[in-house]
Structure formats: C-alpha cells, structure tokens
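These notes are about the structure you will find just below.
The values are calculated or read from the model by the stated rules, or taken from the named source; none is laboratory data. All values reported here derive from a predicted model rather than from experimental measurement. In this analysis, Cβ positions are derived from the backbone assuming ideal geometry, glycine residues included, and neighbour counts consider all displayed protein chains. These accessible areas exclude ligands, DNA and RNA; they are computed on the full protein's heavy atoms, side chains included. Shrake-Rupley method; radii C 1.70, N 1.55, O 1.52, S 1.80 Å.
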Amino acid sequence: MKINAPLLNTIAKKFGTPTYVYDLDRIKHQYRLFCEAFPWPTLKIFYAMKANYNISVLTTIKNLGAGIDAVSPGDLYMALSCGFDPSKIIYTANNMKDTEMEEVAATGVLLNIDSLSRLEKYANAYPNTKVCLRFNPGVVDGEHDKIKTGGDLTKFGILLEDVNKVKAITGKYGLKVVGIHEHTGSGLIKPDSILNAMEQIFSIATRENFPDLAFLDFGGGFKVAYGPDEVPVDYKLMGAQVVERFSNFCSSYGKELELRFEPGKYLTAQAGQLLVEVNTVKHNRNRTICGTDSGFPQLIRPMFYDAHHTIKNISNPEGKPSVYDICGNICETGDLFAKDRFLPEIRENDILSIQDAGAYCYAMGGTYNLRPMPAEVVVENSKAFLSRKRLTPRQLIDLICRESTDINRL
Ligand code: LLP
C-alpha cells in the first residue's frame with residue numbers, strides 16, 4: 001500500500017522538488033478504519049479540511065461520503081467548489097465577525113456558535129433558525145500546548161456552566177439547537193480524554209435543556225503515531241467504549257442521535273510526504289548539516305510544535321548511517337526539519353522524504369523569503385498525477401505585483 005521508492009524517485013525527477021505527495025488510497029483506508037472503529041448506525045464524519053485542503057484530497061473524501069468541518073469563508077467556498085452539499089458542512093469559526101456570519105449564513109450552512117456574545121448576535125439576526133452550539137468540555141489534552149483546545153484557559157467554546165444563559169437566549173429568539181459540539185484538542189494523548197469530554201457534554205445535552213437535538217459532534221483530535229517510538233492508539237477499543245456510552249446517552253435522551261466526528265490528522269497525516277532535494281552537505285566540526293531545497297514555511301510543524309517527522313533517504317536507503325541535522329533554505333537558525341537524526345549516508349542531490357506530512361503541513365504553509373510553495377502530486381492506484389503546480393519565483397512575484405494596488409510606484 002505504501003508508495004514505493006522508485007515511484008517517489010520518478011515523481012521527484014518528473015515534477016522536481018520540493019513536492020508534496022499524497023496517497024489517496026491511504027486516505028480511503030484511514031476513512032474505512034475510522035468507520036469500522038466507531039460502529040454507530042448514523043456515524044457521520046465531517047473532515048476537518050484545515051488539515052489539508054488539496055482539491056484531490058477533498059474530492060476523495062467527498063466521494064467517501066464525508067462532510068466538512070469548515071472554519072473560515074475560504075474553507076467554506078473551497079468545500080462548496082469541490083461539490084460538498086451545504087447540508088454536509090458545519091461552520092465552526094472562532095471569533096467570527098458580523099460580516100462573516102452574514103456571508104456564511106447566506107450559504108445555508110449550519111453555524112456552530114462558540115460564544116454567548118456571538119449567540120446573541122446570531123439569534124437577533126436569524127431568530128427561529130437551526131443552530132449548533134460549541135461547548136468547552138473542560139478537558140485538557142493535546143500533543144502540544146499550542147493545540148490543547150479544552151479547558152477554561154483557551155478561547156474556544158461556551159463554558160458548560162453557562163448553559164442557562166444559552167437557554168435564555170435560544171428561548172427568547174426561538175432558536176432550534178440541533179447539535180452540540182466540542183473539540184478537546186489535537187493529538188489527544190490521554191486515552192480517556194474523549195470519553196471524559198463526552199460525559200461533560202452529556203451532562204448538559206438533556207431533553208430538558210435541548211429538546212431538538214439531531215446530533216452530538218465530538219470534534220477531532222485522533223492521534224496518529226509520528227515517531228517510531230509512539231504506540232498507535234487502539235481505536236477499535238476506543239470506538240467500542242464511545243459507542244457504548246453514546247448508546248446509553250441516546251437511550252436516556254429518548255432518541256437515536258447522529259454521532260459526529262471531525263478528524264483531520266487521522267485521515268490525511270500519514271498519507272502525505274514532502275520530497276526535498278539535498279543541495280549542500282556541510283561538515284561543521286562534529287556536526288553534519290544537510291541543506292535541502294525546502295524550509296519551515298513549507299512544513300512548519302517541527303519548528304512550531306517541536307514535532308517529530310520521520311525522514312527517509314530514498315536515494316540511498318542502504319547507505320552507511322550517520323548523524324545529521326536536516327535543514328531548510330530559509331534565513332533563520334531555527335529552520336530545521338530534524339536534529340541529530342541517524343540516517344543512511346546523505347549525499348548532495350539525494351532525495352529525502354519527510355514523512356507523515358499530509359496534515360497541517362502544506363495547509364499551514366507560506367511564502368516567507370519569497371520562496372514559492374511546493375508542488376502537490378497525488379498517487380492513486382500506483383499512478384501519480386500533478387495536483388497543484390509549484391510557481392516559479394518569477395510567477396510568485398508577478399502574482400504579488402498584480403495584487404499590489406500601488407504598483408505604479410515602481
Ligand atoms: N475540529 C475542530 C473544531 C478543530 O479545531 C480541529 C483542529 C479538528 C476538528 C481536527 O483536529 P485533528 O483531528 O486534525 O487533530 N496544526 C496543528 C493542529 C491544529 C488543530 C486545530 N484544530 C498540528 O499540526 O498539530
């Protein structure tokens with residue numbers, strides 16, 4: 001199922017580097033695994049497209065039957081352009097402004113409101129409509145401090161203790177609360193976090209509080225193993241526990257609700273890799289620094305979250321191993337993909353693959369130092385296609401000049 005080294009080398013030769021490669025078959029596999037792990041009759045997956053908005057990835061996920069978790073008007077228009085039906089999109093922006101709310105509401109997509117103040121404004125503008133409410137589960141977890149979302153130190157969601165204030169607003173304006181949502185964090189490391197968060201939501205999602213519920217949405221956060229030492233989570237076990245608790249909840253609520261999740265990483269992280277070319281090997285006393293043709297604006301997770309991404313030398317897999325620092329081409333000292341990595345001998349012009357780069361890598365990219373983003377290639381049934389081209393530096397600058405309204409200063 002893995003994309004083999006000869007195909008990766010061919011991709012690097014044909015499309016150049018840096019290039020992201022996405023394995024669409026792996027995404028389909030992950031989707032099926034997820035559905036199997038959470039066997040609820042009305043399980044619904046709303047893919048968190050913030051992880052990877054590549055058109056081929058989105059289309060693949062749409063064809064599997066998933067919906068979309070959108071967090072900005074850009075996300076929303078991208079999902080609509082890819083053919084997702086508005087009824088299969090949930091809009092969960094944080095700190096949304098009035099014009100954004102109006103723009104989104106006009107598309108007919110369900111809004112997921114995450115503060116009392118926005119709820120009041122929404123209710124006032126759209127009385128007697130359907131709405132989803134995002135609560136903060138008060139459970140703190142995630143694989144890095146920057147991506148822990150629950151707990152009262154974060155900016156997300158309505159506190160559980162404010163449920164009566166919520167009811168006062170929804171009652172006054174006749175809002176129909178059809179869904180309750182929470183998202184605890186990304187890369188949940190404590191096995192019980194999702195169950196604890198569910199219990200918190202169950203405590204307020206009663207018939208008395210919210211008689212019109214159609215679904216509960218427990219967000220994303222399903223951790224994938226990035227490093228070789230990380231033990232993969234047993235999702236079959238977790239799924240069985242989740243389904244059992246959800247089933248009990250539905251019995252006490254008196255209706256079989258939809259069980260919704262919004263995985264991002266789980267579906268796409270392991271399906272992606274970034275191919276880079278080594279252009280400089282520098283021996284600095286006792287360090288060997290390996291310079292590549294990409295950099296942190298194109299894959300920021302190591303620099304931003306101290307994230308581990310496995311690296312493979314696909315040009316020389318049998319080479320004699322040695323210790324390397326793998327760097328980018330950006331004018332910042334922290335521009336490192338990996339430090340002290342034991343890898344088969346790396347030579348100039350070798351192609352390295354930075355693994356597990358299908359989520360929050362291209363999507364978090366930018367053009368700092370005015371280096372264009374990598375190309376994106378997708379592989380399906382062992383065939384590779386260019387999905388999005390890499391601009392040349394000249395094309396990038398032409399684009400910027402075209403967008404600049406004070407061009408006549410030049
Ligand atoms: N739902 C909501 C409301 C979210 O905020 C997120 C992620 C997800 C679902 C999907 O979470 P996932 O299943 O992908 O863990 N850039 C970080 C991750 C940030 C996640 C933000 N929200 C990283 O690279 O680790």
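Please name which of Phe215, Val163, His309 has its Cα lying farthest along the dipole of the chain towards the positive end, using unit charges on Cβ (Lys, Arg +1; Asp, Glu -1) and the Cα centre as origin.
Towards the positive end, the residue furthest out is His309.
Can you tell me the Rg and Dmax of the range 269-403, counting just the alpha carbons, in angstroms?
For the range 269-403, the Cα-based Rg and Dmax read 15.2, 49 Å.
Run the numbers for Ser322 and Asn209: contour at 0.36 nm per residue of separation, minus the present Cα-Cα distance, in nm.
Numbers: separation 113, 0.36 × 113 = 40.68 nm, distance 6.17 nm.
Answer, rounded to one decimal: 34.5 nm.
Whole number in Å², please: accessible area per residue of the range 92-263, 1.4 Å probe, ligands, DNA and RNA not counted. Can you show the working numbers first?
Working: 7450 Å² over 172 residues.
Using a 1.4 Å probe on heavy atoms only, each residue of the range 92-263 averages 43 Å².
Using label points projected 7 Å from each Cα along Cα→Cβ, tell me how many nm separate His144 and Arg32, to one decimal.
3.2
Assuming a viscosity of 0.890 mPa s and a temperature of 25 °C, what translational diffusion coefficient in µm² per second does Stokes-Einstein assign to the chain, Rh being the Kirkwood radius over Cα pairs?
Numbers: Rh = 22.8 Å.
Answer from the Stokes-Einstein relation: 108 µm²/s.
When the helices in the chain are scored as -39500 (n - 2.57) per DSSP H run of 4 or longer and the sum is shared across all residues, what 222 nm value do you end up with, to the nearest 500 deg cm²/dmol? Write out the running numbers ahead of the final one.
Values: 12 runs with 123 residues, N = 410.
Helix-only estimate at 222 nm: -9000 deg cm²/dmol.
Between their Cα atoms, which of Lys50/Lys312; Lys44/Lys176; Lys28/Lys190; Lys130/Lys172; Lys88/Lys383; Lys146/Lys176 are more than 24 Å away from each other?
Values: Lys50/Lys312 26 Å; Lys44/Lys176 20 Å; Lys28/Lys190 26 Å; Lys130/Lys172 14 Å; Lys88/Lys383 30 Å; Lys146/Lys176 33 Å.
Correct reply: Lys50/Lys312; Lys28/Lys190; Lys88/Lys383; Lys146/Lys176.
So, with a 1.4 angstrom probe, what is the percent of accessible area on the range 125-166 that is carbon and sulfur? Intermediate results must be reported in sequence, preceding the final value.
Numbers: 1080 of 2100 Å².
With neighbouring chains kept in place, the figure for the range 125-166 is 51 percent.
Mind checking which of Ala48, Gly151, Tyr122 is farthest towards the positive end of the range 48-200's charge dipole, using Cβ charges of +1 (Lys, Arg) and -1 (Asp, Glu) about the Cα centre?
Sorting the options by dipole projection puts first Tyr122.
Please list, by residue number, every one of the trypsin sites (Lys or Arg not before Pro) in the range 333-376 that is coil in DSSP and has at most 13 other beta-carbon atoms within 10 Å.
Working: sites: Lys339, Arg341, Arg347; in loops: Arg347.
Here the trypsin sites (Lys or Arg not before Pro) that fit, given the DSSP loop and packing criteria, are Arg347.
Mind listing the long-range amide H neighbours of Ala48? Cut-off is under 5 Å, sequence gap 5 or more, other chains count too, H placed in the peptide plane at 1.01 Å from N.
Residues meeting the criterion, in which the H sits 1.01 Å from N, are Asp69, Gly264.
How much of the accessible area of the range 269-403, probe 1.4 Å, is carbon plus sulfur, in whole percent? Please list the in-between numbers first.
Details: 3350 of 6660 Å².
Heavy-atom surface of the range 269-403 belonging to carbon and sulfur, 1.4 Å probe: 50 percent.
Need one number: nm distance between label points at Asp406 and Asn128, each 7 Å from Cα along Cα→Cβ, rounded to one decimal.
Modelled inter-label distance: 5.1 nm.
Angle, helix 116-125 long axis vs. longest principal axis of the chain, Cα atoms, 0 to 90°, nearest 10?
So the inclination is approximately 70 degrees.
Quick one: of the DSSP bridges fully inside the chain, what percent are antiparallel, nearest 5? Show your work: numbers first, answer last.
Details: 29 of 63 bridges.
Around 45 percent antiparallel, to the nearest 5.
At 1.4 Å probe size, with every protein chain present, just tell me what the per residue accessible area of the range 288-410 comes to in Å².
Details: 6380 Å² over 123 residues.
Per residue, the range 288-410 has 52 Å² of solvent-accessible surface.
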